[in-house]
1. Condition first: part of a helix (DSSP H, G or I) and surrounded by fewer than 15 Cβ atoms within 10 Å (Cβ to Cβ). Now tell me which residues in segment 126-157 satisfy that.
2. Can you tell me which residue is farthest from Q200 (Cα to Cα) among those in segment 12-49 that are surrounded by 12 or more Cβ atoms within 10 Å (Cβ to Cβ) and of a type in the set (G, A, S)?
3. Would you please name the residue that is surrounded by the most Cβ atoms within 10 Å (Cβ to Cβ), looking only at residues in segment 50-90 that are in a helix (DSSP H, G or I) and of a type in the set (D, E)?
Amino acid sequence: MFGFLDVPVAGAYHLIHWLLAATAFTGPLSAASAIVLFTLSVRLLLHPLARSAAHGERARTALLPEIRALREKHGRDRERLAAEMTKLQEESGTSLFVGCLPMLLQLPFFMVMYRLFTTATIGGEPNSLLGATLLGTPLGAHGLAGSPLVFVIAAGLAVVAWFSVRWQDRHRDTTTEVPGGQLLRLLPYGAVLATLVVPQAAGIYLLTTNAWSAAERALLRRGS
């Protein structure tokens, strides 16, 4: 079903093994550390897009009075409100959803990580990563089968989500001013629920990337 992922999954498999050898990671934390390093490499690659998103956010902040006026005028007519929002962003030369781009571009990497720890064979050979463990739990274990590791990851994601939402409230993030913005605001908590169904390795990826997002956003905002 996901045969198109075979090549990138094989590439990620060899990359993680290369990271293990290059960094001399050993012991029970070795595979988890390689996943964290892999995730940080992905986020570093996407950092220029995050900077562009931060620039777009500053541009959207200047539009807040107009956005709120449109919400007051067309709040009961969702189609009209969406049309007016589109017109506003076209006239201003900015996108109200540009901040979502780094998140969307991470989806392929997340899918690769998911497949990497749910596939028995890679390149015709047994997947040695399936034997990796953390806190005595296989990194390929799903959801509650990964207890107690699943609770550690979920707790970390909940803390990151709380700080992320609180940051949005404190800085009056314009994401909440667009149609569907309140749902986007709560997305960080969705990652907590995801830990109940994804492999623990994917949960580590989510925790690392969400923590990066929270720190990156705060630093870019401070530098603006």
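Taken together, the values in this text are just the output of simple stated rules run on the coordinates, not laboratory data. This is a predicted model, so every value here is computed, not measured. Quick reminder, even Gly has a Cβ in these numbers, built from the backbone with ideal geometry, and neighbours come from all protein chains shown.
1. Listed by number, the residues that qualify are S128, G131, L144, A145, F151, A155.
2. Across segment 12-49, the extreme among qualifying residues is S41.
3. E57
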